[in-house]
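Novice: Handing you a structure now.
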Number of protein chains: 2
Amino acid sequence: MYGVFASIVTQLAGKVGEPYKSFPCEMMVYGEGGVAGWGALCGTLNGGAAAISLLVQNEVERKALIDELFGWYQNTKLPVFTPEKPFFQADLPAVKPDSVLCHPSVSTWIKQSKVSFYSKERKERCTRLSADTARRTVELLNASFAGTSATPLNLGEKTSGCLSCHGKGGVKADVLTKSCTGCHFPSNIQHP
Amino acid sequence: MYGVFASIVTQLAGKVGEPYKSFPCEMMVYGEGGVAGWGALCGTLNGGAAAISLLVQNEVERKALIDELFGWYQNTKLPVFTPEKPFFQADLPAVKPDSVLCHPSVSTWIKQSKVSFYSKERKERCTRLSADTARRTVELLNASFAGTSATPLNLGEKTSGCLSCHGKGGVKADVLTKSCTGCHFPSNIQHP
């Protein structure tokens with residue numbers, strides 16, 4: 001969270017000054033590990049959404065940008081970025097998180113990379129993924145300020161199917177979400 | 001998120017002044033509905049954790065307070081607070097969320113209350129739950145500043161069992177979380 005938020009806001013502090021210069025960016029450290037290690041919302045997305053919300057006051061545009069950021073994250077093989085001087089030199093697999101939550105995102109990556117959560121590889125993966133998310137957030141913000149509308153979220157076949165009953169206007173209308181696949185489908189959720 | 005964060009920080013702004021007075025509290029609207037309706041981390045907890053992190057710089061203490069807040073939330077029948085002049089007058093059931101995530105927390109409550117997600121009852125439930133979480137966050141912060149240590153998180157039998165293999169020091173050590181029950185146990189996750 002801190003990595004994504006601070007990388008955007010400290011650049012604004014340098015180029016624009018206030019009110020970004022005095023923003024207490026360090027407070028955003030709380031989002032690490034899906035907030036204090038609870039594995040909830042991926043910290044990079046919590047930071048990206050916070051930065052978008054600081055800069056975009058219009059509710060419709062703010063939500064559209066967060067939707068596009070979250071949709072990109074869960075459907076993109078990550079990490080993409082390879083630093084020139086990484087903290088830990090490794091050839092890391094790029095894996096589609098299929099969720100916006102820290103725990104399933106990391107678990108899906110770990111299944112493919114076959115390392116421990118506490119490995120240097122996993123830590124390096126999350127560092128690089130922070131860079132990817134910061135970059136994508138800035139691309140979306142720049143496009144928005146240049147007048148380009150956000151691309152509407154494609155829920156996908158499975159989530160659309162679920163929400164046709166459980167979402168707004170459905171027979172049940174009993175849930176709130178924009179993604180069912182990461183948690184509710186057997187390949188991800190069942191214990192082996 | 002805004003409700004919890006702003007109720008704490010605007011009081012500090014009134015009593016202490018800067019730096020709270022100029023904090024752009026309105027940015028915290030992004031956390032509504034588990035961030036822009038994605039159903040991820042409950043917005044009240046995102047706001048409570050953000051307020052704790054703004055006020056508590058010590059990492060160990062910050063994480064301990066967030067743990068205690070999150071543990072309280074998932075294991076307490078909520079909402080407790082009944083406003084004198086509610087937005088919507090209703091006798092709402094108090095239900096243990098069993099998760100820190102918006103979507104399972106709301107879904108568990110809806111199953112018991114038998115209303116639509118889009119009902120006035122559900123909206124009133126989340127409003128009252130915001131008041132409960134703001135109050136609990138302030139109680140924890142006050143206790144911390146008065147020198148009382150946070151109560152260590154009790155993971156519970158099921159999560160402790162999972163983490164004995166999957167957590168730090170376990171044979172697999174392949175996941176990060178502090179709660180497995182809300183998503184991984186059949187009563188909550190399986191489609192009827």
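Novice: Identify, for chain A, the residue whose C-beta comes nearest the rotation axis onto chain B, and round that distance to whole Å.
Specialist: A:LEU41, 2
Novice: How much accessible area per residue does the range A:1-76 have, in Å², with a 1.4 Å probe?
Specialist: Using a 1.4 Å probe on heavy atoms only, each residue of the range A:1-76 averages 35 Å².
Novice: Using only the alpha carbon atoms of the range B:109-188, find the Kirkwood hydrodynamic radius as the inverse mean reciprocal pair distance, in angstroms to one decimal. Mind showing how you got there, number by number?
Specialist: Values: mean 1/r = 0.0625 Å⁻¹.
This gives a value of 16.0 Å.
Novice: Within 10 Å, count the other beta carbons around each residue, average over each peptide in A:42-48, B:139-145, and list them highest first. Don't skip to the answer; put the middle values down first.
Specialist: Numbers: A:42-48: 30.0, B:139-145: 15.4.
Descending mean neighbour count gives A:42-48, B:139-145.
Novice: Let me ask something else. Is the protein assembly as shown best put as rounded, prolate or oblate by its Cα gyration tensor, with a ≥ b ≥ c the root eigenvalues, rounded for a/c under 1.5, and otherwise prolate when a/b is larger than b/c, oblate when not?
Specialist: rounded
Novice: OK, next. What does the structure give for A:39-49 when I average, per residue, the other chain Cβ atoms found within 10 Å of the residue Cβ?
Specialist: For peptide A:39-49, the averaged partner shielding equals 5.
Novice: To continue, here is another question. To the nearest 20 debye, what is the magnitude of the charge dipole of the protein assembly as shown about its Cα centre, counting +1 on the Cβ of each Lys and Arg and -1 on the Cβ of each Asp and Glu?
Specialist: Numbers: 40 positive and 32 negative charges, 113 e Å.
It comes to approximately 540 debye.
Novice: Next question, about the same structure. I'd like the distance separating the alpha-carbon centroids of the range B:1-30 and the range A:38-93, in whole Å.
Specialist: 25
Novice: Under the convention of a label 7 Å out along Cα→Cβ, give the distances in nm from B:ARG135 to the same position in every other copy, shortest first.
Specialist: When each copy's label point is compared with this one, the spacings are 4.8 nm.
Novice: Let me ask something else. Using amide H atoms built in the peptide plane, which far-off residues or other-chain residues are under 5 Å from B:LEU41 H to H?
Specialist: So B:LEU41 has HN proximity to A:LEU41, B:CYS102.
Novice: Let me ask something else about it. Where a Cα-Cα gap under 25 Å defines reach, which lysines qualify for B:LYS77, not counting those fewer than 8 residues away within the same chain?
Specialist: A:LYS172, B:LYS63, B:LYS85, B:LYS96, B:LYS111, B:LYS114, B:LYS120, B:LYS123, B:LYS158, B:LYS178
Novice: Roughly speaking, what is the stretch gain from B:SER22 to B:GLU157, that is 0.36 nm per residue apart minus the C-alpha to C-alpha distance, in nm to one decimal? Spell out each step's value before the answer.
Specialist: Details: separation 135, 0.36 × 135 = 48.60 nm, distance 4.46 nm.
Fully extending the segment from B:SER22 to B:GLU157 adds 44.1 nm.
Novice: Next question, about the same structure. Comparing the chain by itself with all protein chains present, which residues of the range A:55-88 are at least 30 Å² less accessible (probe 1.4 Å)?
Specialist: Those residues are A:ARG62, A:LYS63, A:ILE66, A:PHE70.
Novice: Taking A:GLU157 in one copy and the same position in all the others, each labelled 7 Å out along Cα→Cβ, what are the pairwise distances from the first, in nm, shortest first?
Specialist: For A:GLU157, the other copies' label points sit at 4.3 nm, shortest first.
Novice: Give me a single rounded figure for B:133-145: the average over its residues of other chain Cβ atoms within 10 Å of their Cβ.
Specialist: That average works out to 0.
Novice: Taking B:LYS172 in one copy and the same position in all the others, each labelled 7 Å out along Cα→Cβ, what are the pairwise distances from the first, in nm, shortest first?
Specialist: 2.7
Novice: Convex hull over the alpha-carbon atoms of the range A:90-131: what's its volume per residue in Å³? Spell out each step's value before the answer.
Specialist: Values: hull volume 2.9 nm³, N = 42.
So the per-residue Cα hull volume is 69 Å³.
Novice: At 222 nm, what value in deg cm²/dmol follows for chain B if DSSP H runs of at least 4 each add -39500 (n - 2.57) and the sum is divided by all its residues, to the nearest 500? Can you show the working numbers first?
Specialist: Working: 8 runs with 100 residues, N = 192.
Result for chain B, helices only: -16500 deg cm²/dmol.
Novice: A further question on this structure: Provide the descending list of Cα extents for the range A:33-192 along its principal axes, expressed in whole angstroms.
Specialist: So the three principal-axis extents are 49, 46, 27 Å.
Novice: For the range A:1-122, what is the relative contact order in percent, using Cα pairs closer than 8 Å and at least 6 residues apart in sequence?
Specialist: Numbers: 157 pairs, mean separation 25.8, N = 122.
Normalised by residue count, the contact order of the range A:1-122 is 21 percent.
Novice: Apply 1/(1 + (r/R0)^6) to the Cβ-Cβ distance of B:PHE81 and A:ASN142, taking R0 = 41 Å, and write down the FRET efficiency to the nearest 0.05.
Specialist: Details: r = 43 Å, r/R0 = 1.04.
That gives a FRET efficiency of 0.45.
Novice: Total accessible area buried between chains A and B, 1.4 Å probe, in Å² to the nearest 100? Intermediate values should be presented prior to the final figure.
Specialist: Values: alone 11610 and 11620 Å², together 18700 Å².
That pair of chains buries around 4500 Å² in total.
Novice: How much of the accessible area of chain A, probe 1.4 Å, is carbon plus sulfur, in whole percent?
Specialist: 55
Novice: Still on this structure: Would you please give the residues with an amide H less than 5 Å from that of B:LEU155, counting only those at least 5 places away or on a separate chain, with H modeled from the backbone geometry?
Specialist: none
Novice: Next question. How many Cβ atoms of partner chains, on average, are near each residue of A:27-33 if near means within 10 Å of its Cβ?
Specialist: Taking the mean over all residues of the peptide, I get 6.
Novice: Please state the shape class of the range A:1-74: rounded when a/c is under 1.5, otherwise prolate if a/b exceeds b/c and oblate if not, all from the C-alpha gyration tensor.
Specialist: Oblate, because a/c is 1.5 or more while a/b does not exceed b/c.
Novice: Rounded, prolate or oblate: pick one for the range B:65-158, where a ≥ b ≥ c are the square roots of the eigenvalues of its C-alpha gyration tensor, a/c under 1.5 means rounded, and failing that, prolate if a/b is larger than b/c, else oblate.
Specialist: Details: a/c = 3.05, a/b = 1.51, b/c = 2.02.
Since a/c reaches 1.5 but b/c is at least a/b, the shape of the range B:65-158 is classed as oblate.
Novice: Rounded to the nearest 0.05, what FRET efficiency do B:GLN11 and A:GLN112 give with R0 = 56 Å and r taken as the Cβ-Cβ distance? Could you check?
Specialist: 0.75
Novice: Evaluate the Debye formula for the range B:60-113 with equal point scatterers sitting on the alpha carbons, no solvent, and hand back log10 of I(q)/I(0) at q = 0.18, 0.21, 0.28 Å⁻¹, in q order, two decimals.
Specialist: Here log10 of I(q) over I(0) equals -0.68, -0.82, -1.06.
Novice: A further question on this structure: Would you jot down the residues in the range B:150-189 that end up with at least 30 Å² less accessible area in the complete protein assembly than in the chain alone, with a 1.4 Å probe?
Specialist: B:LYS168, B:ALA173, B:ASP174, B:VAL175, B:LEU176, B:THR177, B:LYS178, B:HIS184, B:ILE189
The values are calculated or read from the model by the stated rules, or taken from the named source; none is laboratory data. Just so we're clear, the structure is a prediction, and the values are computed from it rather than from any experiment. Cβ: placed from backbone, ideal geometry, glycine included. Neighbour counts: every protein chain shown. Accessible surface areas use protein heavy atoms only, side chains included; no ligands, DNA or RNA. Shrake-Rupley method; radii C 1.70, N 1.55, O 1.52, S 1.80 Å.
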